[in-house]
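Taken together, the values in this text are just the output of simple stated rules run on the coordinates, not laboratory data. Worth saying up front: this structure is predicted, and the values here are computed from it rather than measured. Cβ coordinates were reconstructed from backbone atoms using ideal geometry, including for glycine residues, and neighbour counts include every protein chain displayed.
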Amino acid sequence: MMKNILILAGIGILSFSCSKKETTEVNNKVDSTKIVDSINASRVKLNDSIKSQNRFKDFNGSHPFTYQNDSSPKYSGTVKFTKIEGERDNYDVSGSIKSGNNSVTIKGFVQVVSAKHMNFTGEITQKIPENDNGKPYTRKGTKTFASKDGGKTYRLQDMVNGSGFVDYIDIKF
């Protein structure tokens with residue numbers, strides 16, 4: 001009989017110790033999507049601030065704009081560079097030179113591509129009486145302005161005009 005009691009007591013202990021325990025769930029986990037969204041928002045803000053910072057000097061503002069050929073005096077005007085918001089080294093450009101019947105206009109877009117080069121896309125139109133009796137000559141498309149004096153003066157590299165003569169079109173900073 002004692003043996004039966006010990007067996008029943010053993011079965012009771014085993015059944016109690018093998019019974020399913022009550023589980024408690026931990027609800028203080030942080031939502032991983034909130035963390036990822038926060039990181040992404042920080043990255044977007046950083047990338048946007050980097051994207052709009054110039055790699056090269058700031059050309060924003062008005063600058064002297066000159067025209068001269070081998071047989072003419074130097075004609076002067078101004079050109080205005082307006083930085084395009086949120087873009088790096090990109091400017092809207094417009095300006096003119098006017099002297100009597102002589103005129104040069106520039107209108108378009110500039111992207112500074114190095115410390116010594118800027119690409120202009122747009123139109124440069126000149127009316128110079130010494131060239132083809134003042135017939136307008138327009139340079140269209142993408143043209144390069146290059147500097148050989150450390151960025152003080154940028155000269156249009158497409159120098160030959162419609163009459164076959166060399167023009168010097170410069171922007172000074």
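Modelled spin labels at residue 60 and residue 149, positioned 7 Å past Cα toward Cβ, are 2.6 nm from each other. Computed over neighbours whose Cβ is under 11 Å from that of residue 123, the net charge equals +4, Lys and Arg +1, Asp and Glu -1. Going from the residue with the fewest nearby Cβ atoms within 10 Å to the one with the most, 159, 118 rank 159, 118.
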